[in-house]
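A short write-up of the structure that comes next.
The values are calculated or read from the model by the stated rules, or taken from the named source; none is laboratory data. Because the structure is predicted, anything quoted here is derived from the model rather than measured. Note that each Cβ is placed from the backbone with ideal geometry, even for glycine, and that neighbours are counted across all protein chains shown.
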Amino acid sequence: MTRHVTLSRRTLLQGTGASTLLMLIAAACGDDTDSAGGDTDATSSGGTGEVKEIDTLTVAFPSSMSNLYPGKEAGIVNYYVAALVLEGLVAPDGTGKLVPAVAESFEQTSPTTYVYTIRSDAKFSDGSAVTADDIVYSVGLSKDENVSPNTAYYWANVQGAEKTGDNQVTITLASPDVAFEWGPCAANAMWITKQSFVDANNGDIGTPDALLLGTGPYKVTSFQPDSGVELERVDTWWGGTAPVKTVKIQFIPEESTRLLARQSGDIDIAVSISLDQAEQWAGTEATEVLFAADRSYVGIDFNTAVEPFDDIHVRRAIGFACNREAFVEKLLGGHGEVATALTTPAQIESVLGADGAREKLRAVIGDVTYDLAKAKDALAQSKVPDGFSVKVGVSSSAPQVSSAFQALAQDLATIGITVEVEEMPVEQWYDTIGSPDWGLAYMWYFNTTGDPAELSSWFLNEGNPASYANDEVAATLAKAKEETDPAKRIDLVLEAQTTALAELPYVPLWWGEAAVAIADTYEIEDFGSYTLLSPWTPRIITKG
Amino acid sequence: MASRLGRGTLGRFVMVRLAATVVLLLALSFVVFALLYLAPGDPARNLLGPRNPSPELLAAIRAEYHLDDPFVTQYVRWIGDVVRGDLGTSIRSEIAVTSLLADRVVLTAELAIMAFVITLVVAVPLGVRAAWRAGSVFDRTVSLASIVGVGAPSYAVGLLLLYLLGVRFQLFPVYGIGDGGLDQLWHLVLPAVTLAIGIGALVFKLTRTAVLGELEQDYVAFARARGLSEGAVRRLVLRNALIPVVTSGGLVFAFLFGGTILVEVTFALPGIGGLLAGSVTFKDIPVVQAITLLTATVIALTALAVDIVTYTIDPRVRARGLR
């Protein structure tokens, strides 16, 4: 049962020029550009754009960072910065398939054993070569719940990592779990650094004084929490030299200010722009807006241990009242997709293609589509046929979710269910997840990996926010953990979801998209769901 | 004069006031700590965000920050550390609170001082002149503008200034703090003007009212009747009108120092206002405590400074003695 993933070193090492780099990316992404995010509006230049040296690229983030190391602070923007400075053993390609990064290849030699071979040309930005000891140390760092509270959970099933050769590291799991492959990835839960660097900073990492030491195409030259980060290109990256010399990242929390900064030409790129203002961004002079699926899932959670949501008819009544098409069209301006499963399309497209993925996912939700007559019938069959009142807590950072619940509340009012929407700070919303005080709640979840079971392994196993338990579902998911064939694994994961959603502990609403605004002198090649999670500046090309 | 300012009166007054300030800060720290403790939310959960946290990991984080200890134990530990000069570590960023605040306090103070200076330099002369020419076109124009200034939210004013002066005419930078030093001060001009507009309008009204009030006093009529030059009359009036203006000046500075949140967010400035906003919802108790205590200290010390200044410029207060 040996599987071997490798990338030809010849392809990678044809040279260090920027034009080679583009070929390299094309090679790493495979040629299957079709599947790079089904409804990506970004146009692919097909490699015809001219690669010019860019002196400084100014990028504006909507939220600030207080630590650069994602193990400490795992905001999505922390990952975007880390993607340029730090690397894992593997990295996602444009379609979400894992390809080698600092490891030139890896092999699963038994259900619980993974062997990584480190590329001989991997170097830290201080010029020192990456050794097997560095990898073992970095695994320990990601596993340490004090140093990396945000990733430690991901390594709970890992027994240990050991050096098994000069350039070979073997990671052993306690029990089989194919999803582990996403563990040693800088887009998820591992960032390779050096022990002497961390020790020299008294154990600090990612702070303004300690900064970062990694193997990626950039090094951090300055970091001011709540203000910005500056990155400088290095010549030690195994992948070559990036075309952008300096990357200035600025934190501009106020969206209107960010828009003005683009109008004045102060910033070149704004990531994660608010969908509400996407049209204003698109209307800004010399600016283009790119959309791509962001692997986010938004859906209702019922706490099935709380009355009246322990009654499937109540859950179905609410499910039938969710006008998901209207949510996507009207609330998201079409920049999203009606969700029919817990898995998002971008997590299975690399295996099934865009259409194949959607076809499979559509079957998961079953018969639950918008139909108020059916909602009324379902409620009539429930133990609360005359309706009831319930409140739902919505984060003030999720205006679309709030609008969706308002719309749902209007529809539910016609059948006798009163829903009161209570807006609250995002931190307070965390407390509503799985709480017995909030029988009706919602989840807005950003999948960090391309693993199809990421959300279901939480939502359908013990400790899930719906207090949902089904032995058959758990058994199917357990089987999926050991299934190494990607297509068969997807089938198992979706089978578990189909069985579970028939009882409707969750109602998927939509899969989200993220938008990036960029000066029209540049373009991002093959902008998709995974673009900003691996070295992304080499994908930025100057037009004309 | 020197002896009056000595231990007997002012010195003792200052000591008593400082002691009262310490008591006030203690009470305030207790109240803020209690409010944060009671507020919904769990810092350990906030640290991990919306993902599946294992009970063991949550327990480990709670143990690290002593979040499971009883309220009194937590408070006593915190106050003990503060007395030893340790403000603790931010739960959110794991950075020592002192180093987290160091640069931000400087920035917010620079912003507040600049706004304060702009307010005084612009609003006080305008107020005096408007009172002097009460009813004139000048008076009515500035008074009308001040009503707009008081009413306009600083967020809207900031964006308007940004659009006009930052984007349209490209006179000022749009966001951030630049490269430090003079460039940083340059970046603070627009935010300071934004802050100054609202509070400056109030100071203008206050100055105008104070000067008008003095002008209506009998002593002004007497002075004029006795043939004092207009300049001499003005000096008399201004000196007397100064007292409420100086008193309000202290409040204005305190308000500016504690009221930078919206402006800091609008102009993407890394000051303590923006930090406080994020820390409160996160329940990052050490950071919130440090910022509220710092702000309270600034307000208390400013009030003390105002009293000392009043003492020196108001002979009535000197004669009565400080209480």
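Things worth noting here:
- Check on A:Ala469, surrounded by fewer than 22 Cβ atoms within 10 Å (Cβ to Cβ), among the aliphatic types (A, V, I, L, M) and under 18 Å from A:Asp310 (Cβ atoms): yes
- Counted residues, segment A:149-162 - those being surrounded by 15 or more Cβ atoms within 10 Å (Cβ to Cβ) and at pLDDT 90 or above: 4
One line per residue, one yes/no per condition, for (1) away from chain B (no Cβ under 14 Å); (2) within 21 Å of B:Ser93 (Cα to Cα):
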position	(1), (2)
A:Val130	yes, no
A:Asp133	yes, no
A:Tyr137	yes, no
A:Val147	no, yes
A:Ala152	no, yes
A:Trp155	no, no
A:Thr164	yes, no
A:Met190	yes, yes
A:Gly214	yes, yes
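- All positions within segment A:86-116 that are closer than 11 Å to A:Ile171 by Cα and of a type in the set (Asp, Glu): A:Glu107
- Flag if A:Ala469 is assigned to a loop (DSSP other than H, G, I, E, B) and out of contact with any Ser or Thr (no Cβ under 8 Å at 6 or more places or on another chain): yes
- Residues that are within 8 Å of another protein chain (Cβ to nearest Cβ), assigned to a helix (DSSP H, G or I) and either crowded, with 24+ Cβ neighbours inside 10 Å or charged (D, E, K, R) (or both) within segment B:259-274 comprise B:Thr266, B:Gly274, listed in sequence order.
- Restricting attention to segment A:174-195, the residues being of a type in the set (A, V, I, L, M, F, W, C), within 16 Å of A:Thr449 (Cβ to Cβ) and out of contact with any Lys or Arg (no Cβ under 8 Å at 6 or more places or on another chain) number 8.
- Of the criteria (1) under 18 Å from the mean Cα position of the chain (by Cα); (2) modelled with pLDDT under 90, which one B:Val148 fails: (1)
- Applying the set (1) farther than 28 Å from A:Gly353 by Cβ; (2) under 16 Å from the mean Cα position of the chain (by Cα); (3) surrounded by fewer than 23 Cβ atoms within 10 Å (Cβ to Cβ); (4) more than 14 Å from every other protein chain (Cβ to nearest Cβ) to A:Val77 leaves exactly one unmet item: (4).
- Qualifying residues in segment A:225-245 (those that are under 15 Å from A:Ala60 (Cβ atoms) and in a strand (DSSP E or B)) - the one farthest from the other protein chains (Cβ to nearest Cβ): A:Leu231
- Test result for B:Leu162, facing chain A (nearest Cβ under 10 Å), part of a helix (DSSP H, G or I), surrounded by 20 or more Cβ atoms within 10 Å (Cβ to Cβ) and not charged (D, E, K, R): yes
- Summed over segment B:205-228, the residues that are within 22 Å of B:Leu126 (Cα to Cα) and outside any helix (DSSP H, G or I) give a count of 2.
- Here segment A:166-188 is the region considered, the condition is being surrounded by 19 or more Cβ atoms within 10 Å (Cβ to Cβ) and among the charged types (D, E, K, R), and the residue that is farthest from the other protein chains (Cβ to nearest Cβ) is A:Glu181.
Quick grid of which residues meet (1) away from every other protein chain (no Cβ under 14 Å); (2) over 30 Å from B:Gly259 (Cα atoms); (3) at pLDDT below 90; (4) crowded, with 16+ Cβ neighbours inside 10 Å:
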site	(1), (2), (3), (4)
B:Arg12	yes, yes, yes, no
B:Arg17	yes, no, yes, yes
B:Ala27	yes, no, no, no
B:Gly85	yes, no, yes, no
B:Thr89	no, no, yes, yes
B:Ser93	no, no, yes, yes
B:Thr108	no, no, no, yes
B:Ile113	yes, no, no, no
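- Considered as a group, the residues in segment A:104-134 that are without any contact (Cβ under 8 Å) to a residue 40 or more places away in the chain and among the hydrophobic types (A, V, I, L, M, F, W, C) include one that is surrounded by the most Cβ atoms within 10 Å (Cβ to Cβ), and that residue is A:Ala132.
- Residue match in segment A:474-486 (condition: within 21 Å of the chain's Cα centre (by Cα) and surrounded by fewer than 17 Cβ atoms within 10 Å (Cβ to Cβ)): yes
- Residue within segment B:242-255 that is within 14 Å of chain A (Cβ to nearest Cβ), under 30 Å from B:Leu38 (Cβ atoms) and in a helix (DSSP H, G or I) present: no
- Restricting A:Gln250, A:Gln195 to those that are in contact (Cβ under 8 Å) with a residue 24 or more places away in the chain and surrounded by fewer than 21 Cβ atoms within 10 Å (Cβ to Cβ) reduces the list to A:Gln195.
- Of the residues making up segment A:276-286, at least one is within 14 Å of chain B (Cβ to nearest Cβ), β-branched (Val, Ile, Thr) and either in contact (Cβ under 8 Å) with a residue 40 or more places away in the chain or farther than 28 Å from A:Gln410 by Cβ (or both).
- Listed by position, the helices (runs of 4 or more DSSP H) inside segment A:251-332 whose residues that are over 24 Å from the mean Cα position of the chain (by Cα) and closer than 26 Å to A:Asp526 by Cβ number at least 3 are A:278-283.
- Spans of strands (runs of 3 or more DSSP E) in segment A:484-544 with at least 3 residues touching a helix residue (DSSP H, G or I) at 6+ places or on another chain (Cβ under 9 Å): A:506-519
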